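This report refers to the structure that appears directly beneath it.
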Amino acid sequence: MSGGDMAKPLLGHGSIEGDPSITPAPGRTIGVLGSGDFARSLAIRLVCSGFKVVVGSRNPKRKAGLFPSAAEVTFQAEAVKKTDVIFVAVFREHYSTLCDLADVLAGKILVDVSNNTEVNHHKESNAEYLASLFPACTIVKGFNVLSAWTLQSGARDGNKQVLICSNNQEAKRTVAEIAQGMGFTPVDMGCLSSACEIENIPLRLLPAWKIPIFLALGLFLCFFTYNLIRQVIHPYIREQKNKLYKIPIEVVNTTLPCVAYVMLSLVYLPGVLAACSQLYYGTKYRPFPDWLDQWLQHRKQIGLLSFFCAALHAVYSFCLPMRRSHRYQLIETAVKQAVEKKMNIWVEEEVWRMEIYISVGIIALGLLSLLAITSLPSIANSLNWREFSFIQSTLGFVALVISTLHTLTYGWSRAFDENQYKFYLPPTYTLTLLVPCTVILAKVIFSLPCIQQRLLRIRRGWEKGRYVKFVLPSATGEYSSGETSSNV
C-alpha cells in the first residue's frame, strides 16, 4: 500500500460525523496506543459502540486527522493517564518504546492485539513478552483474530468471536464486557499461556482444508493421468494421431466430473462406515478411529470442493462448442456426409441420451449449489437442526443418486462397447461408479426396518450386552433381584 493510501483512514469521517446516531454515549474510557490501520479501525468501532476513546501517539497533531473527531488524540503519556484499559496496537518489536511509560502504566490493563508474521516465530508469545516488560500491569490477549475490516463493519459482517486469555479473571471479565459492548462474542481461552495458540490462529492457512484439498488434488491427478492415457496417448500409439490439443479442455473436462462425483460420495461414505461400526459393536459410545473421526469432521470441506469441481465442469462443458477444434470437426463431419450423400443422420437414441444426460446434470448441479449455500454459517444459522439435516443429509443423498443417473446416462450402452476399452482400460466413468454405488447400496440396506430400528435404538443410547437390573416377587411374597442382558 502506498504512503498516500496509508495516510487515509479506512473508513471515511463522514460515516461518523454525519450520523448523529453514533455519537458516543457516556461510558468507559478506553485507551489505544498506536496509529496504524488496526488502531484506527479499533478506535472507530469503540466510538461507534458508545465508548470514549483516547488515542496515544508520538505525533498527535499529525495523526489526529486519521481518527474520528469523537476520539481524543494526544501524547502516549497523557492517554495512559486517562484510562485503566489500554489497547496496545503496536508491533512486538516496538514494545520497548513503551518502557518509558512503565511507571504510568503500572496497575493498568493492557490488551495485546498483535500478531506475528510466522507461526511460533518466537519462543514466547507476544502477550507473554509484553508481560515480562511490564510486570506491574495486567496483560490480556484478545482481538488479534479480528481484521481491521471486521472491526469497521462490526459484528454483522465477518467473525463475531473474540478470543481472550489472561491470568487475571477480573481483567478478562472487563475486556469481555468491552467486546460485548462492541457487538462481538468473547470466548475465554484460559490463562495467558494460551496466547501462543491464539496468535497462531490468524497465521494458519485454511487448516481445515489441507486434507480435503490434497485429497481432491490426488484424485484429479489420478483421473487426469488415466484420461490422458486413454484420450491422448492411445490414439498416438495406435493411430499415430496427435491429440495433444485435447489436454487443456477435453481431458480436464473429463477429469473434473470424476473428481466431483467421487468427492460427493466421500461426503456420505464416512457416515456409512460410522453406522457399520455402531451396528457391529452395538453401541454409540465406542470412539471411532482417528482417521474416521477426521474424515467426519472434513465432510463440509469435501462437499464444497465437490461443488467447485462440478461448477468448473459445467463451465468447461458450456465452452466446448467454442473451441476451434470443435468447429473443424463439425465441418469435417458435414463434408463427409455430403460426400457420402447422407441426408438424415438423426439417431433417436443418442438424442434422448444427451437430453436426459444434460437435464439430470443440471438438476444435480442445482442440488449441489443448495448444499453449498446452506453450509455457509450465515445461512446455516438461520435454519433449525431438522431443516439443516434434511438439506444436508436427505437432499445430499438425492444429489448423489441424481449424479449417479447423470453418469449412467453418459455411459448408456457404451460400457459394453469393446472399442471403449482402450489399452484394455475401462471407461473412466465406470471407475467413478464404484464408491457412489457402494454408498447408495449401503443407504438402501440401512433403510430396511429391521436395521433402521436397531441403528436408531443404538443412537438413542441402547447398548448390546448391557445388563439391566429387575425385581421379581418370590413364592413367599418377597421380592428378589436379578439381571438380564439388554439385547435379549
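A few comments on the model shown:
- As a fraction of the 1.4 Å probe accessible area of region 29-203, surface on carbon and sulfur atoms comes out at 48 percent.
- Normalised per residue, the accessible area of the chain is 57 Å², obtained with a 1.4 Å probe and no contribution from ligands, DNA or RNA.
- A cut-off of 5 Å between modelled amide H atoms, ignoring neighbours fewer than 5 places along the same chain, links residue 87 with 31, 32, 33, 111.
- Against the chain, whose longest principal axis is taken from its Cα atoms, helix 396-411 shows a tilt of about 40°.
- Only the Cβ atoms of Lys and Arg (+1) and of Asp and Glu (-1) were treated as charged; on that basis the dipole of the chain about its Cα centre amounts to roughly 820 debye.
- Taking amide H as placed 1.01 Å from N in the peptide plane, the amide H of residue 161 sits under 5 Å from that of 185, each at least 5 places away or on another chain.
- If R0 is 22 Å, the Cβ-Cβ spacing of residue 363 and residue 414 corresponds to a FRET efficiency of close to 0.50.
- Value of Rg/Rh across region 29-203 [Cα atoms, Kirkwood radius]: 0.93
- Using the Cβ-Cβ distance between residue 93 and residue 58 with R0 set to 22 Å, the FRET efficiency works out to roughly 0.90.
- Under 13 Å, Cβ to Cβ, from residue 27 - net charge with Lys/Arg +1 and Asp/Glu -1: +1
- Cβ-Cβ FRET estimate between residue 384 and residue 242, R0 fixed at 35 Å, reported to 0.05: 0.05
- Solvent exposure, largest accessible area first (probe 1.4 Å, DNA, RNA and ligands not counted), of 86, 233: 233, 86
- Taking the DSSP bridge list for the chain and keeping only pairs wholly inside it, about 30 percent are antiparallel.
- Counting only Cβ charges, +1 for Lys and Arg and -1 for Asp and Glu, the dipole size of region 29-203 around its Cα centre is about 580 debye.
- The protection proxy used here, the mean number of other Cβ atoms lying within 10 Å of each residue, ranks peptides 104-115, 417-428 as follows, highest first: 104-115, 417-428.
- Structural descriptor for the chain: relative contact order 9 percent, calculated from alpha carbon pairs under 8 angstrom and at least 6 residues apart.
- Under Karplus coefficients 6.51, -1.76 and 1.60, residue-wise ³J(HN,Hα) of region 110-121 in Hz, glycine/proline x: 10, 9, 8, 10, 7, 9, 9, 8, 9, 5, 6, 5
- Nearest 10 degrees, 0 to 90: helix 210-228 Cα axis against the chain principal axis: 30 degrees
- In order along region 186-200, phi translates into HN-Hα couplings of x, 10, 6, 9, x, 7, 5, 5, 7, 4, 4, 5, 5, 6, 7 Hz, rounded to whole numbers, per the Karplus curve 6.51 cos²θ - 1.76 cosθ + 1.60 with θ = phi - 60° and x for Gly and Pro.
- Compared with the dominant Cα axis of the chain, that is its longest principal axis, helix 324-339 is turned about 20°.
- The listed peptides 386-395, 135-144, ordered by packing as a protection proxy, come out as 135-144, 386-395 (highest mean of other Cβ atoms within 10 Å first).
- Packing around the peptides 33-42, 437-446, taken as the average count of other Cβ atoms within 10 Å per residue, puts them in this order, highest first: 33-42, 437-446.
The values are calculated or read from the model by the stated rules, or taken from the named source; none is laboratory data. This structure is a prediction, so every number in the text was calculated from the model and none was measured. For neighbour counting, all protein chains shown are included, and Cβ atoms are generated from backbone atoms with ideal geometry for every residue, glycine included. Areas reflect the complete protein model, heavy atoms only, side chains present, ligands, DNA and RNA absent. Shrake-Rupley method; radii C 1.70, N 1.55, O 1.52, S 1.80 Å.
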